[in-house]
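Below you'll find the structure, written out as structure tokens, and then a few comments.
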Amino acid sequence: MFGSAIDALPARTDEVDPVPARTAEDYDVVRRALAHISSRFQDQPSVPDVARAVGVTPVQLTRVFDRWAGLTPKQFLQAVTLDHTLQLLENRASVLDATFEAGLSGPGRLHDLFVTHVAMPPGVYRERGRGIEIRWGWHESPFGRALLMVTDYGLAGLAFADPGEEAAAFADMAGRWPNADYREDPAATAATAARVFEPGAWSRDQPVRVVLIGTDFEVKVWQTLLKVKPGQATTYSDVASHIGKPTAARAVGTAVGRNPISFVVPCHRVLGKGGSLCGYHWGLTRKRAILGWEAGRFAA
């Protein structure tokens, strides 16, 4: 059950990782570099300054960013700054309008993460997960340790944690459905983790199946987020308009923050008014990292 699962949570597990260890090491460098840049953004630190702060050489830092995101540190920074996000918004030609009309992917966009989704029956949400078994496991990802939770219906949870934060992240996720039966089973989550974090495995023919457990309003918000492609962005007010609640931008923001399936249901692609990055449940540094990673891999 919920309590015993938290007590049993290990600092690390020995499951098969979906990405090479080198990728996890690269993310640690990127994470520290972004944290340094964020704290000194107005000073616009140079590459040598950032490299010195994270304990690598400028050449090493550049190689890590290129290997991890396909961008130089400078390009990466530009990808997640206000200028870039404003450009995304200006050029979106109503991202949501276009995707609702054309479907999740346009011609030639083979890199899209194809997702099928189902909403859990309302009774499961009201009963806080009673009657379902959730199998969970920790895996390496391009954005640090990732916790995946799966049910017979599909992927129900995906969270991130920096080293030492695994227990807190698990408690946060399990607390959403405290009456579910929890079983640690990284073998049951490994295949999903491998596909989610490997763009080469994204396929229309074998979509990732997710199950959305929330209120009717939350599910509508999360379903709308699935229409926003990698490399694109939308706003809270845009999402509110598309679910027929144009004055509910604040409530949309709350629902976005409660999204239990990070990355796959792309709450990181929602920006504040004027293109500000706003917050992210798993850390603003990680949101910047994900947006930059996508910019490097899915540039038009």
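One residue stands out among those in region 37-56 that are surrounded by 18 or more Cβ atoms within 10 Å (Cβ to Cβ) and at pLDDT below 85: the one that is farthest from Gly164 (Cα to Cα), which is Pro45.
Considering region 252-285 alone, what residues qualify as being among the aliphatic types (A, V, I, L, M) and out of contact with any Lys or Arg (no Cβ under 7 Å at 6 or more places or on another chain)?
Residues of region 252-285 that are among the aliphatic types (A, V, I, L, M), as a first pass: 252, 255-256, 261, 264-265, 270-271, 277, 284.
Passing the criteria: Val252, Ala255, Val256, Ile261, Val264, Val265, Val270, Leu271, Leu284.
Based on this model, can you work out whether Arg32 counts as basic (Lys, Arg), at pLDDT 85 or above, exposed (fewer than 15 other Cβ atoms within 10 Å of the Cβ) and within 22 Å of the chain's Cα centre (by Cα)?
Values: basic (Lys, Arg): yes; at pLDDT 85 or above: yes; exposed (fewer than 15 other Cβ atoms within 10 Å of the Cβ): no; within 22 Å of the chain's Cα centre (by Cα): yes.
It is false that Arg32 is basic (Lys, Arg), at pLDDT 85 or above, exposed (fewer than 15 other Cβ atoms within 10 Å of the Cβ) and within 22 Å of the chain's Cα centre (by Cα).
Selection of helices (runs of 4 or more DSSP H) fully inside region 200-300 by the criterion of at least 1 residues being in contact with a Pro (Cβ under 8 Å, 6 or more places away or on another chain) and at pLDDT 85 or above returns 216-225, 236-242, 284-297.
Do the conditions hold for Leu113, that is, is it within 30 Å of Thr151 (Cα to Cα) and either surrounded by fewer than 18 Cβ atoms within 10 Å (Cβ to Cβ) or at pLDDT below 85 (or both)? When the stated conditions are applied, Leu113 passes them.
Results for (1) in contact with a strand residue (DSSP E or B) (Cβ under 7 Å, 6 or more places away or on another chain); (2) among the hydrophobic types (A, V, I, L, M, F, W, C); (3) at pLDDT below 75, shown as yes or no for each residue.
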{"position": "Leu96", "(1), (2), (3)": "yes, yes, yes"}
{"position": "Thr99", "(1), (2), (3)": "no, no, yes"}
{"position": "Val118", "(1), (2), (3)": "yes, yes, no"}
{"position": "Arg126", "(1), (2), (3)": "no, no, no"}
{"position": "Gly131", "(1), (2), (3)": "no, no, no"}
{"position": "Trp138", "(1), (2), (3)": "yes, yes, no"}
{"position": "Leu148", "(1), (2), (3)": "yes, yes, no"}
{"position": "Asp152", "(1), (2), (3)": "no, no, no"}
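The values are calculated or read from the model by the stated rules, or taken from the named source; none is laboratory data. Since we're looking at a predicted model, the values are computed, not measured. Positions of Cβ are backbone-derived with ideal geometry, glycine not excepted, and every protein chain shown enters the neighbour counts.
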